[in-house]
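Undergrad: Dumping the structure here so I can ask a few things about it.
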Amino acid sequence: MDFIKQHRIKSGKKVDLSEMETRVKGPFADKSAAKAFTAETNDAIRELQYRLFVEGKQSLLVVLQAPDAAGKDGLIRNVLGQMNPQGCRTFPFKVPSKLELSHDFLWRIHACTPAKGMVSVFNRSHYEDVLVVRVEDIVPKQVWSERYELINHFESLLRSCGTRILKFYLHISLEEQLERFGKRLENPAKHWKLNLGDYEARGKWDSYRSAYEDAMEKCNQQDAPWFVIPADHKWYRDAAVASIVRQTLEDMDPQLPKIDVDLDEVRGLYEREQVKLNDETK
């Protein structure tokens, strides 16, 4: 199955999340088949990420956006967090600090973009500044409506510097979200996630959905695409994102550096050291 073709939003296309399924199985017979696929795909991602890091010429930015309880943390834990942390960083963007608010809205974001050879994962992102601020009426429409173009310029800048961008919206239903809220209540280890604001946001579900649809339509450049990932099944969510990341890294095709030493000479030195070590241990 071509997950990129299946879930990528076409540029210029009107986005209607109500027409998109949240609960799908795709090519998988069951959960175990999907998990096996994800594990195999993660192995390939780790190898490709190693080559990306050593090559040091390109970078990858993965943006995650979703309603509460859609599974950003789980996706990071099961897929994106499986990469070598030496070359991968995760940045959770929370409510801006006083210092961050004293700068332009992209200031704190730009500081976390990936250097060459690196992967950055954004748990929430610059898109909060056309989502939350819009729905919660934090800034005037005149302010947030101008940010779409600024975001497009920002992402074009990153792309021109060798950063590939993948943007994922984890698409869950109201019913699934409520079920996950219930599981949080039952699990003391997850009580820290409980937030009255999550329930208030459910009352603004349609407003948030409209804001997401506009963001995906207005900021969906060919080289910085949006993907809508059905996320009611966690195992499908993980498999789909893993496949898209793998396909993207394969397309980037990072190469190991060419060696600048004489292999025969190094092999000879190695063999002499082996002989020397063996003689000393006799």
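The values are calculated or read from the model by the stated rules, or taken from the named source; none is laboratory data. Only a predicted model underlies this, so the values are computations on that prediction, with no experimental measurement involved. No Cβ is skipped: glycine too gets one built from the backbone with ideal geometry, and neighbour counts run over all protein chains shown.
Undergrad: Which condition from (1) more than 18 Å from the chain's Cα centre (by Cα); (2) assigned to a helix (DSSP H, G or I); (3) of a type in the set (Val, Ile, Thr) is the one that ILE109 breaks?
TA: (1) is the only condition that ILE109 fails.
Undergrad: Only residues in the range 71-83 that are under 14 Å from ILE172 (Cβ atoms) and crowded, with 19+ Cβ neighbours inside 10 Å count as the first member; pair them with residues that are of a type in the set (Val, Ile, Thr) and modelled with pLDDT of 95 or more, Cβ under 9 angstrom, at least 6 apart or cross-chain, and list the lot.
TA: Pairs that qualify, where the first residue is under 14 Å from ILE172 (Cβ atoms) and crowded, with 19+ Cβ neighbours inside 10 Å and the partner is of a type in the set (Val, Ile, Thr) and modelled with pLDDT of 95 or more, are GLY71/ILE172; LEU75/ILE229; LEU75/VAL241.
Undergrad: To continue, here is another question. Does VAL228 satisfy being among the hydrophobic types (A, V, I, L, M, F, W, C), closer than 30 Å to MET118 by Cα and under 19 Å from the mean Cα position of the chain (by Cα)? Reasoning before the result, please.
TA: Numbers: among the hydrophobic types (A, V, I, L, M, F, W, C): yes; closer than 30 Å to MET118 by Cα: yes; under 19 Å from the mean Cα position of the chain (by Cα): yes.
Against the criterion (among the hydrophobic types (A, V, I, L, M, F, W, C), closer than 30 Å to MET118 by Cα and under 19 Å from the mean Cα position of the chain (by Cα)), VAL228 qualifies.
Undergrad: Which ones in the range 42-66 are among the hydroxyl-bearing types (Ser, Thr, Tyr) and either buried (at least 21 other Cβ atoms within 10 Å of the Cβ) or at pLDDT below 95 (or both)?
TA: Residue satisfying the conditions is SER59 alone.
Undergrad: Which pairs do you get when a residue that is at pLDDT 95 or above, found in the range 1-27, comes within reach of a residue that is among the basic types (Lys, Arg), reach meaning Cβ atoms under 7 angstrom, with the pair 6+ apart or on two chains?
TA: Qualifying pairs under 7 Å: LEU17/ARG209.
Undergrad: Which one of the conditions (1) without any contact (Cβ under 8 Å) to a residue 60 or more places away in the chain; (2) of a type in the set (A, V, I, L, M, F, W, C); (3) surrounded by 15 or more Cβ atoms within 10 Å (Cβ to Cβ); (4) part of a helix (DSSP H, G or I) does PHE91 fail to meet, given that it meets all the rest?
TA: For PHE91, the failing item is (4).
Undergrad: Sort out which residues of the range 15-55 are in contact with a helix residue (DSSP H, G or I) (Cβ under 6 Å, 6 or more places away or on another chain), over 13 Å from ALA242 (Cβ atoms) and not β-branched (Val, Ile, Thr), and write them in order of number.
TA: LEU17, LYS31
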